[in-house]
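Here the structure is laid out as C-alpha cells; the discussion comes afterwards.
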Amino acid sequence: MAEELNEALGRVMAEANSVFDRLRATVEEEVERGATQLDVAEVARRAGLEIEEATLDELHVDRYIYVLPWVPWHYWFPWRPLWCWWWRRYPWYRCCDWWWYRCHWYPW
C-alpha cells in the first residue's frame, strides 16, 4: 500500500513539475521577447493550465501583470496561487499556505 502511494505521489509530482516548468519557460520566453506586461490567463494556457478568467478572480490574481525583467520570474509572476489551484483537483490535497490565507481571510 505504501509503495503504491509513493508511486502515485511521484507521478503526480512529476506532472506538477512538468506543468510548472512549462509555465516558467513560457514566462521567461515572453520576457526575452521584451514583453512589458503579461496576460496571466494566456500565459497559463500556453503552459498547459486550463484556467478561466473567472478562476483568476477567485484566486485574487490580476489578469495582467507587469514584467520585472531585472529579478527572477518567480518573484513577480503569481505562480503560487496557480500551483494551489492546480492541486485542488486531487481530493486528498487539503490546502497550501497561500490558499488558506486568501480563502480564509476572516478571523475565526
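The values are calculated or read from the model by the stated rules, or taken from the named source; none is laboratory data. Quick caveat: nothing in here was measured; it's all calculated off a predicted structure. Using ideal geometry, Cβ is built from the backbone for each residue, glycine included, and neighbour counts are taken over all protein chains shown.
Beta carbons closer than 7 Å, at least 6 apart along the sequence or on distinct chains, pair a first residue in the stretch 54-80 that is at negative phi with a second that is of a type in the set (S, T, N, Q) for Y64/Q37; I65/Q37; Y66/T36; Y66/Q37; V67/T36; V67/Q37. Can you say whether Y75 is under 30 Å from R11 (Cβ atoms) and modelled with pLDDT of 90 or more, as far as the supplied structure shows? Considered against the rule, which asks whether it is under 30 Å from R11 (Cβ atoms) and modelled with pLDDT of 90 or more, Y75 comes out as yes.
Conditions tested, residue by residue: (1) under 15 Å from C84 (Cα atoms); (2) small (G, A, S).
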position	(1), (2)
A16	yes, yes
V19	yes, no
L23	yes, no
E29	no, no
R33	no, no
D39	no, no
R46	no, no
E50	yes, no
E58	yes, no
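Per the listing R46, R102, the residue uniquely at pLDDT below 90 and among the basic types (K, R) is R102. Do the conditions hold for V61, that is, is it of a type in the set (A, V, I, L, M), surrounded by 11 or more Cβ atoms within 10 Å (Cβ to Cβ), assigned to a loop (DSSP other than H, G, I, E, B) and within 14 Å of the chain's Cα centre (by Cα)? Answer is yes for this residue. If you filter the stretch 1-17 down to residues that are surrounded by 12 or more Cβ atoms within 10 Å (Cβ to Cβ) and either small (G, A, S) or in contact with a Leu (Cβ under 8 Å, 6 or more places away or on another chain) (or both), you find that the one that is farthest from V67 (Cα to Cα) is A8.
Identify the residue in the stretch 5-25 that is within 26 Å of P78 (Cβ to Cβ) and among the polar types (S, T, N, Q) and, among all such residues, is modelled with the lowest pLDDT. Here the residue is N17.
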